[in-house]
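A.B. asks: Below is a structure I'd like to ask you about.
The values are calculated or read from the model by the stated rules, or taken from the named source; none is laboratory data. It should be emphasised that the depicted structure is a prediction, and the values quoted were computed from it without experimental measurement. Heads up, the Cβs are rebuilt from the backbone with ideal geometry, glycines too, and the neighbour counts pull from every protein chain shown. Just so you know, the surface numbers come from the protein's heavy atoms only, side chains and all, with ligands and any DNA or RNA stripped out. Shrake-Rupley method; radii C 1.70, N 1.55, O 1.52, S 1.80 Å.
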Amino acid sequence: MTPPGRRPGERLVRSYVVTGGRSHPSRNTLDLVTLLIAALGPPLTGLSPEKRRLMELCRPGALSLAEVAGHLELPVSVTKVLVADLMDSGHLVTRTPIPSAGPPSDTRILQEVLDGLRSRL
Amino acid sequence: MDSAPDSDTVYLPEGVQTAVKLLVVGHFAVGKTTFVGALSEIRPLRTEEVMTQAGALVDDLAGTRDKTTTTVALDFGRVTLNDTLVLYLFGAPGQRRFTGLWQDLTRGALGALVLADTRRLDQSFEVMGVLEELGLPYAVALNDFDDGPGHGLDEVREALDLLPATPLLRCDARDRVSATETLIALVAHLLARTGELEHA
Ligand SMILES: Nc1nc2c(ncn2[C@@H]2O[C@H](COP(=O)(O)OP(=O)(O)O)[C@@H](O)[C@H]2O)c(=O)[nH]1
Ligand SMILES: [Mg+2]
């Protein structure tokens, strides 16, 4: 949500700056529902303000990439670039979404989803 | 809005290992945001994707200052299903031209719920066509707007030209129980379909 007074496009100009103008995430495997977990270890010193903000958001617990983009008010594509960098530097680890192992695992996952939804009624 | 981490940020339970996604799609004002909000355990979040006129995602953000780009809002919510599994629901508009967005959304998605409005059934064809082209299975839910014409389900099924196996049901996107039952019908369909593929 753009607060009144913010010019359209302003956030995007800032986004351009935060990713250093670089375009493609180094990991094409990143998905909207990839779960991001802060790694214990590497200090945040030397990180850009946006990466530091992302790390501070992720410190207390796991969130999906989409949630991180939503909380930081960054486009998904920009968030992917930041996340890929932070994976490379050892700051973030990920849990990949649903393993695409084919039908047997799909059946198991779908059954789990169904049971989980039914338990909410 | 301040862009510092929200005080109401809700983190995932510690044991969560797997995340899955379902899409909630349909034309403008059909009830997508309402549906996602009725089910989500977190305050629904919104993010955006930037695309070229041709529908490619712009991640070279130098290009986003170009007047020819379009921003599409996605809203999404979260439902923790058990100790290890979490479901994300993504509400997305149904325009075919957003091909980059569709690729991103449908990759790894289990399926989609098409929300439709009996007053504007013709506006559902575009998104159904996109899902069919991408091979993503779906169910259709008629969102009950009080002033909508009272079409029978058979009539609507015919008007939308649905396959016999495609679930068609009524829902009230404002109601958590109704929305949950609608997702149950979708997932039961996905499961039945997977079973059939395995035995084919
Ligand atoms: N009567 C009625 N109104 C609804 C229902 N679902 C959504 N609405 C209203 O329809 C409008 C559009 O809904 P919204 O969720 O924003 O649609 P979206 O554009 O698809 O995200 C809002 O004013 C909702 O309050 C419903 O099931 N019944
Ligand atoms: Mg909406």
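A.B. asks: For a quick check: with amide H placed at 1.01 Å from N, whose amide H comes under 5 Å from residue B:138's, ignoring anything fewer than 5 positions away on the same chain?
C.D. replies: Residues meeting the criterion, in which the H sits 1.01 Å from N, are B:112.
A.B. asks: Still on this model: Counting only other chains, and only Cβ atoms inside 10 Å, what mean value do you get across the residues of A:71-83? Can you show the working numbers first?
C.D. replies: Details: counts 7, 4, 7, 3, 11, 10, 12, 6, 2, 3, 3, 0, 0.
Mean number of neighbouring Cβ atoms from other chains: 5.
A.B. asks: Here's something else I'd like to know. Does a label point 7 Å from the Cα of residue B:10, set along Cα-to-beta-carbon, have any residues of the stretch B:73-91 with amide nitrogen under 18 Å, and which are they?
C.D. replies: B:75-91
A.B. asks: Okay, next question. Report the accessible surface area buried between chains A and B, summing both sides, using a 1.4 Å probe on protein heavy atoms only, in Å² rounded to the nearest 100. Don't skip to the end; give the middle numbers.
C.D. replies: Values: alone 7980 and 11320 Å², together 14070 Å².
Between A and B, the summed buried area is about 5200 Å².
A.B. asks: Can you sort B:138, B:11, B:88 by 1.4 Å-probe accessible area, starting with the largest? If you can, show how the numbers build up before the last one.
C.D. replies: Numbers: B:138 20, B:11 55, B:88 0 Å².
Ranking B:138, B:11, B:88 by accessible area, largest first, yields B:11, B:138, B:88.
A.B. asks: So how much slack lies between residue A:29 and residue A:44, counting 0.36 nm per residue of separation and subtracting their Cα-Cα distance, in nm? Don't skip to the end; give the middle numbers.
C.D. replies: On the way: separation 15, 0.36 × 15 = 5.40 nm, distance 2.44 nm.
Result: 3.0 nm gained on full extension.
A.B. asks: Let me check I have the definition right: for chain B, take the eigenvalues of the Cα gyration tensor, multiply each by 5, take square roots. What are those semi-axes in whole Å, largest first?
C.D. replies: Numbers: eigenvalues 142, 98, 67 Å².
Semi-axes from the Cα gyration tensor: 27, 22, 18 Å.
A.B. asks: What is the set of long-range amide H partners of residue A:64 at a cut-off below 5 Å, with H atoms built 1.01 Å from backbone N?
C.D. replies: Answer set, sorted by chain and number: A:36.
A.B. asks: Near the amide H of residue A:92, under 5 Å away, which other amide H atoms are found, from residues 5 or more places off or on another chain, if H is placed in the peptide plane?
C.D. replies: A:39, A:87
A.B. asks: Sticking with this one: Across peptide A:54-67, what mean number of C-beta atoms from other chains lies inside 10 Å of a residue's C-beta? Display every interim value, and only then the final one.
C.D. replies: Details: counts 1, 0, 2, 5, 2, 2, 3, 7, 9, 7, 9, 2, 9, 10.
Partner Cβ neighbours, averaged per residue: 5.
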